[in-house]
Amino acid sequence: MRVLLLGGTGEARALADLLAGDAGLEVTTSFAGRTPRPHLPAGRVRSGGFGGADGLAQWLREHRTGAVVDATHPFAARISAHAARAARTAGVPLLALRRPGWTAQPGDRWHWAADAAEAAALLPALGRRPFLTTGAGELAAFAALPLRFLARTLTPPPPPLPARCHLVTARGPFTLDTERALLREHRIDVLVTKDSGGPAPKLTAAREAAVPVLLLRRPPPPPGVPTATTPAAAAHWLRTR
Ligand code: NAP
């Protein structure tokens, strides 16, 4: 069976690696193609958009795909909506692979925003020296704020940026020591992040330093799509198709 794995996350790579030895499955991982030098998974790889839901449905038919796993980032809402529509149109079973969001622990001082615009509205009441880890695409929402920002992104962000912004481009994973040092050196007094889930030493460092955290809520997933939370569970779903 041919499987299309919509990737761009560590979970997608882990699933492709898990399935590498399955003789009955031919897995193609798809990347959006915007990250330079992505860590490549086992199996076949393709890169670039499909041209919307219709383009994806056509791709599924042309490649006689037997199943799709949407293992994109929980905030990549457009491709997930396209995957749901395309899988329905092409009559191909679809599973979403989503790591769970984070849960607050004792000592956490968390605040929630629906999106980057709401986070920007709430931010001045929470601190003067924010650490932004919301991704390059979200920095523009904070551009008008007269705060002293530290922003960490994977790729250089498009303008506009806040007038006072120290930019660090880096790829994780990061260690607790790195995160502690960043908070200390830049005298960070509020952390802004997406509720991405997964290991997050930045949340531990913020808790230790009593720094409040402003979290962007996940967009709702497309309705009616079954979900697995681990690569092993997604592998089981595929093997029992
Ligand atoms: P998005 O807004 O949901 O999707 C924008 C467009 O990019 C889609 O319509 C699709 O183009 C193309 N696309 C996205 N993921 C694709 C994939 N895996 N394979 C082929 N085409 C894909 O996505 P995004 O938020 O920009 O994220 C882009 C990629 O980065 C995703 O693969 C995601 O897993 C990864 N990522 C995103 C975030 C985040 O915070 N959003 C964080 C870490 C990693 P067409 O309509 O032309 O098919």
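Remarks
- Amide H contacts of Thr72 (H built 1.01 Å from N, under 5 Å, at least 5 apart or other chain): Leu97
- Rounded to the nearest 20, the Cβ-based charge dipole of the stretch 44-88 about its Cα centre (Lys and Arg +1, Asp and Glu -1) stands at 80 debye.
- Full extension of the chain between His111 and Arg239 gives 42.0 nm of extra length, using 0.36 nm per residue less the Cα-Cα distance.
- Percentage relative contact order, the chain, counting C-alpha pairs under 8 Å, at least six apart: 22 percent
- R0 of 22 Å, Cβ-Cβ distance Arg44-Arg171: FRET efficiency to nearest 0.05: 0.40
- Long-range tail of P(r) for the stretch 5-76 (Cα pairs > 17 Å, %): 41 percent
- Rg/Rh, computed from the Cα trace of the chain with Rh as the Kirkwood radius, has the value 1.01.
- Remark: the stretch 21-37, residue by residue, has Karplus-estimated 3J(HN,Hα) of x, 7, 5, x, 10, 10, 9, 10, 8, 10, 10, 5, x, 9, 8, x, 6 Hz, where x stands for each Gly or Pro and the curve is 6.51 cos²θ - 1.76 cosθ + 1.60 at θ = phi - 60°.
- This model, with +1 at the C-beta of Lys and Arg and -1 at the C-beta of Asp and Glu, gives the chain a dipole about its Cα centre of some 180 debye.
- Phi to ³J(HN,Hα) by Karplus 6.51 cos²θ - 1.76 cosθ + 1.60 over the stretch 178-184, Hz, x for Gly, Pro: 4, 5, 4, 5, 4, 4, 5
- Between the helical axis of 77-90 and the longest alpha-carbon principal axis of the chain there is an angle of about 10 degrees.
- Per-residue [θ]222 nm for the chain (sum of -39500 (n - 2.57) over DSSP H runs n ≥ 4, rounded to 500): -8500 deg cm²/dmol
- For the stretch 110-216, size of Cβ-based charge dipole, Lys and Arg +1, Asp and Glu -1, in debye: 320 debye
- With Cα atoms, 0 to 90° folded angle of helix 52-62 axis to the chain main axis: 30 degrees
- Global geometry of the stretch 110-216, whether rounded, prolate or oblate, following the gyration tensor of its Cα atoms and the 1.5 cut on a/c: rounded
- Relative to the dominant Cα principal axis of the chain, helix 10-19 is inclined by about 30°.
- Within the listed set Val45, Val69, Val211, the Gaussian network model of the chain (springs between alpha-carbon atoms below 10 Å) gives the highest mean-square fluctuation for Val45.
Coordinate-derived values only; no laboratory data. All figures in this text were calculated on a predicted structure; none of them were measured in a lab. All Cβ positions, even for glycine, are placed from backbone atoms using ideal geometry, and neighbour counts span all protein chains on display.
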